[in-house]
Amino acid sequence: MYHGRLWDSPLGRMLVVSDGHALVGIWFEGQKHEKEKMSDPIEMDGDPICDAACAFLDGYFRGEKRTFAFPLDPQGTSFRKSVWKKLLEIPYGEVRTYGQLAKEIAKERGIQRMSSRAIGNAVSRNPIAILIPCHRVIGKDNHLVGYAGGIERKAWLLAFERKNRADQEVKG
């Protein structure tokens, strides 16, 4: 059984979902691939993990939180999970290209090349928006491409993180 909670972000309503043990999804309402791997119904009763995720999102959008301590369990193939794990390594306020990720993952797997398109497909299927920061992945030449939640939201998130990171560096 899944537990869910609706949360209103500055970028629109989001659905936060837990399986009772870990966070399994955060989607903008109506985004591509929303709830793609969800087989059981979602009880809209929330739970401590949903509450913790919403508290993190509150802090994130105030520019106060960058890390979280609750478990994630995104559902997907082993390849997708390896890409999503790589996304977690992209620092707040920074970006990587699909090509850079492809090279890193190819090297880790001991192969010569990895398709940027395969990386893009995995990134686009990320079920945990913001926490697994797929918005930090851009196209070559710094072009904003692909974001299941919408390119406008991606641009907003990147600008927000850059500004907040710069503000923190000035204060620190």
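Side notes on the structure shown:
- Sorting the segments 23-31, 89-97 by their residues' average number of neighbouring beta-carbon atoms within 10 angstrom, most packed first, yields 23-31, 89-97.
- The trypsin sites (Lys or Arg not before Pro) of region 16-92 that meet both conditions, a loop assignment by DSSP and at most 14 other Cβ atoms within 10 Å of the site Cβ, are K32, K37, R62, K65.
- Within-11-Å neighbourhood charge of Y92 [Cβ basis; K, R +1; D, E -1]: +3
- Mean Cβ count within 10 Å, highest first, over the residues of peptides 15-22, 40-47, 115-122: 15-22, 115-122, 40-47
- On full extension, the segment bounded by E89 and R113 gains 6.6 nm, given 0.36 nm per residue less the C-alpha separation.
- FRET efficiency for R66 and N142, using Cβ-Cβ distance with R0 set to 25 Å, rounded to 0.05: 0.65
- Stokes-Einstein translational diffusion, region 54-165 - Kirkwood Rh over all Cα pairs, 1.567 mPa s, 4 °C, in µm²/s: 90 µm²/s
- Simple spin-label estimate for K103 and E29 in nanometres, 7 Å along Cα-Cβ: 4.2 nm
- The simple spin-label model puts a point 7 Å past each Cα toward its Cβ; for F79 and R165 those points are separated by 2.9 nm.
- Orientation-averaged projected area, Cα convex hull of region 1-108 (nm²): 7.5 nm²
- Helix content alone sets the calculated 222 nm mean residue ellipticity of the chain: runs of n ≥ 4 DSSP H residues at -39500 (n - 2.57) each, divided across all residues, give -12000 deg cm²/dmol.
- Per residue solvent-accessible surface (Å²) - region 46-117, probe of 1.4 Å: 58 Å²
- Net charge, L6 excluded, C-beta distance under 10 Å - Lys, Arg +1, Asp, Glu -1: 0
- The chain: DSSP helices with Cα axial extent of at least 15 Å and average Kyte-Doolittle hydropathy no lower than 0.0: 48-61
The values are calculated or read from the model by the stated rules, or taken from the named source; none is laboratory data. Computed from a prediction, not measured in an experiment: that's the story for all the values here. Please note: Cβ atoms are built from the backbone with ideal geometry, for glycine as well, and neighbour counts cover all protein chains shown. For accessibility, only protein heavy atoms count, side chains too; no ligands or nucleic acids. Shrake-Rupley method; radii C 1.70, N 1.55, O 1.52, S 1.80 Å.
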